[in-house]
Amino acid sequence: MHLGRTTLSKFLIQQLADIGDQGKLAALLVDMAAAVKAISAMTAKGALGGFLGAVDQTNVQGEQQKKLGVLANDAMLKATEWGGLVAGLASEELEAPYDIPSNFTRGPYLLVFDPLDGSSNTDVNVSVGTIFSVLRHDGHQPPVVGDYLQPGTHQVAAGYAIYGPATMLVITVGKGTHGFTLDREIGNFILTHPNLAIPEDTSEFAINTSNARFWEPPVHRYVTECQAGQAGERGRDFNMRWIASMVAEVHRILVRGGVFMYPRDTKGPGKPGRLRLMDEANPISFLVEQAGGCSSTGRGRLMDVAPEHLHQRVPVILGSKNEVLRIERYHAEHARGEDRPYESPLFNERSLFRAREFI
């Protein structure tokens, strides 16, 4: 037993004491925690439970759905639809919002979620997660799509669960970012990481370098400077990370700092970004900002973006404040034609890539 330790329920009562409907918001987050426990149990069993592999269908994103992703989506719906706390739900796995069944009471909130972020990694046992965002719904009528299209600044709560060596739930209600670890012996989430704070400076960045040929010049400039290390302008060495699971990347940044980039590129001209605004970028940005970090599109604050459709995608650059602001400055300088020329060491005149052109 962990007598005297702060459980999720106790923490929420304390955090939301000054909010009029604090009981309903706290209850919704507790329901979310119940869904996370169910998903955690399934991810822990993996192949033993028959949860791995794909199903013979794609989601609205055109991505092949994973068994665990479909089951996680169902767990989220079942845990939250019945309690009279939400007016509607929207999921990465569903093209349109999910209407609350008529036999259930509608509540004052909208829940937007990605039931299993990084689901492509489930078959190789890499950490995955669940991301969610809570918005207000003040109308008496069932919500329509337009009711969900609120900027990130309108969120009243957000969080993610990470299913790794331990299952953790990281949340914010606008009063800092706090981490809870699931104690499987008692079935409770216990506060283990209060007031997470992202260092303003870092020497670690995460980006998918396989897309380097599609990056915009400001991103090339930043990454090239980092790769130059002590010999370059930054005067220090940087480490690069890439897990291909946003929750895992962001969790590392919240714990020890860093910068994560999935910037705008030219790979898909019709896609200004790769990550979804409503169920990925906005809730993660809320958590990052509440931990003292920054979140940007490269051209401005990400949570100020006005959503145009439910599954909209955006560029994402987030993490340690000073690095994000530097990358924003590089974008601004490029837009004004003031950025300095650079050349990647991979393609200079003495590199292997140049040499092969003459073989």
Please rank HIS140, HIS331, fewest neighbouring Cβ atoms within 10 Å first, as an exposure proxy. HIS140, HIS331
As I understand it, the value is the acute angle between the Cα axis of helix 22-45 and the longest principal axis of the Cα atoms of the chain; what does it come to in degrees, rounded to 10? 70
Give, in nm to one decimal, the length gained when the segment between ALA335 and LYS78 is fully stretched (0.36 nm per residue of separation minus the Cα-Cα distance). 87.8 nm
Only Cα pairs under 8 Å and at least 6 apart count here; give the relative contact order of the chain as a rounded whole percent. 14
Please compute P(r) over all alpha-carbon pairs of the range 78-187, binned at 10 Å starting from zero, and give each bin as a whole-number percent. 13, 39, 34, 14, 1
Using R₀ = 56 Å, calculate the FRET efficiency as 1/(1 + (r/R₀)^6) where r is the Cβ-Cβ separation of VAL145 and ASN239; round to 0.05. 0.85
Compute the length gained on full extension between ASP18 and ALA212: take 0.36 nm times their separation in residues and subtract their Cα-Cα distance, giving the result in nm to one decimal. 65.1 nm
Compute the angle between helix 217-228 and the longest alpha-carbon principal axis of the chain, please, reported from 0 to 90 degrees and rounded to the nearest 10. 80
Packing-based exposure ordering (other Cβ within 10 Å, fewest first) of LEU169, LEU325: LEU325, LEU169
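Taking neighbour Cβ counts within 10 Å as the exposure measure, how do THR6, THR130, THR153 sort from fewest upward?
Ranked by crowding around the Cβ, least crowded first: THR153, THR6, THR130.
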Which value, in Å to one decimal place, does the Kirkwood hydrodynamic radius take for the chain when every pair of different Cα atoms is included? 21.4
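State, as an integer percentage, the relative contact order of the range 229-314 based on alpha-carbon contacts under 8 Å between residues 6 or more apart.
Values: 70 pairs, mean separation 21.0, N = 86.
Relative CO of the range 229-314 lands at 24 percent.
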Full extension from ARG299 to GLU185: what is 0.36 nm times the residue separation minus their Cα-Cα distance, to one decimal in nm? 36.4 nm
When the Kirkwood radius is taken over all Cα pairs of the range 69-134, what Stokes-Einstein diffusion coefficient follows at 20 °C and 1.002 mPa s, in µm²/s? 173
FRET efficiency, 1/(1 + (r/R0)^6) with R0 30 Å, evaluated for ASP138 and ALA306 via beta carbons: 0.95
At 222 nm, what value in deg cm²/dmol follows for the chain if DSSP H runs of at least 4 each add -39500 (n - 2.57) and the sum is divided by all its residues, to the nearest 500? -8500 deg cm²/dmol
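Read-outs throughout are calculated quantities, based only on the coordinates presented, and are distinct from any laboratory measurement. What you are looking at is a predicted structure, and each value in this text was computed from that prediction instead of being measured. Neighbour counts run over all protein chains shown; Cβ positions are idealised from the backbone, glycine included.
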